[in-house]
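See structure below.
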């Protein structure tokens with residue numbers, strides 16, 4: 001079982017609480033942690049913001065260990081936690097034309113331009129070989145390609161392709177007084193700085209920042225969501241990364257991290 005792989009070549013994860021899985025906004029269940037989570041987070045936030053609300057009900061799904069639907073052998077990409085379904089009740093498998101042409105164009109543009117086609121959409125399955133699946137999005141590239149796109153989304157230097165062990169470095173230098181950027185999944189996140197961030201956002205923006213107890217010092221999905229909302233409202237790129245530009249904007253509101 002340990003060597004089982006899903007249809008796209010990624011290793012199956014047999015336990016939902018495995019350390020290699022994580023929660024992301026909107027999705028029930030979990031997805032593969034790290035670069036896959038970064039990419040899916042960007043995708044669902046884009047769909048929810050620009051295409052169609054993902055707050056319609058409990059029909060946005062993540063990982064699930066099961067065979068490929070309609071087949072008796074082979075693991076679904078959901079089994080490697082590299083696939084998600086969004087608004088499944090509206091865009092069920094086998095149903096044609098559930099997305100408008102304008103919606104479909106927006107999604108395809110994002111998959112092509114921002115995600116560099118490392119995600120495949122079930123709406124674009126070959127009709128002769130598979131049933132259309134408009135709710136379904138799956139990783140469609142190897143780990144190196146996924147890492148490159150995820151690094152771009154996080155504003156980091158792309159991993160090395162020279163064969164040497166890649167090292168991820170921020171594309172910009174952190175602001176004076178800090179040791180690193182703050183973002184979901186960053187192993188260098190500093191709990192004390194995150195606590196200051198959460199408490200400060202609560203104090204300055206109670207309309208959309210509501211961390212219980214003033215915050216827990218962990219940069220989870222909710223912290224990322226509040227940071228993105230702050231960035232949107234202050235005219236910054238809503239990437240959920242607390243870097244120099246965002247830190248400067250926070251300081252204007254008395255939030256020092």
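The values are calculated or read from the model by the stated rules, or taken from the named source; none is laboratory data. Given the structure is predicted, the values throughout are model-derived calculations rather than measurements. Every residue, glycine as well, gets a Cβ built from its backbone with ideal geometry; the counts of neighbours run over all protein chains shown.
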Consider the range 75-110. How many of its residues are surrounded by fewer than 24 Cβ atoms within 10 Å (Cβ to Cβ) and on the phi > 0 side of the Ramachandran plot? 3
By residue number, the members of the range 20-44 that are over 18 Å from residue 228 (Cα atoms) and in a loop (DSSP other than H, G, I, E, B) are 20, 29, 30, 33, 34
Suppose we filter 251, 154, 233 for residues that are out of contact with any strand residue (DSSP E or B) (no Cβ under 7 Å at 6 or more places or on another chain), at pLDDT 90 or above and either buried (at least 16 other Cβ atoms within 10 Å of the Cβ) or more than 21 Å from residue 24 (Cβ to Cβ) (or both); which single one remains? 251
Screening 71, 19, 23 for residues that are surrounded by fewer than 20 Cβ atoms within 10 Å (Cβ to Cβ), under 14 Å from the mean Cα position of the chain (by Cα) and either on the phi < 0 side of the Ramachandran plot or modelled with pLDDT under 90 (or both) leaves only 23
May I ask you to list the residues in the range 116-138 that are in contact (Cβ under 8 Å) with a residue 24 or more places away in the chain and either farther than 18 Å from residue 88 by Cα or part of a helix (DSSP H, G or I) (or both)? 116, 117, 118, 122, 123
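Residues checked against (1) assigned to a helix (DSSP H, G or I); (2) modelled with pLDDT of 90 or more; (3) closer than 19 Å to residue 38 by Cα:
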residue	(1), (2), (3)
160	no, no, yes
165	no, no, no
184	no, yes, yes
197	yes, yes, no
209	no, yes, no
219	no, yes, yes
222	yes, yes, yes
237	no, no, yes
Out of the residues in the range 111-129 meeting the condition of being in contact with a helix residue (DSSP H, G or I) (Cβ under 8 Å, 6 or more places away or on another chain) and surrounded by fewer than 17 Cβ atoms within 10 Å (Cβ to Cβ), tell me which one is nearest to residue 59 (Cα to Cα). 124
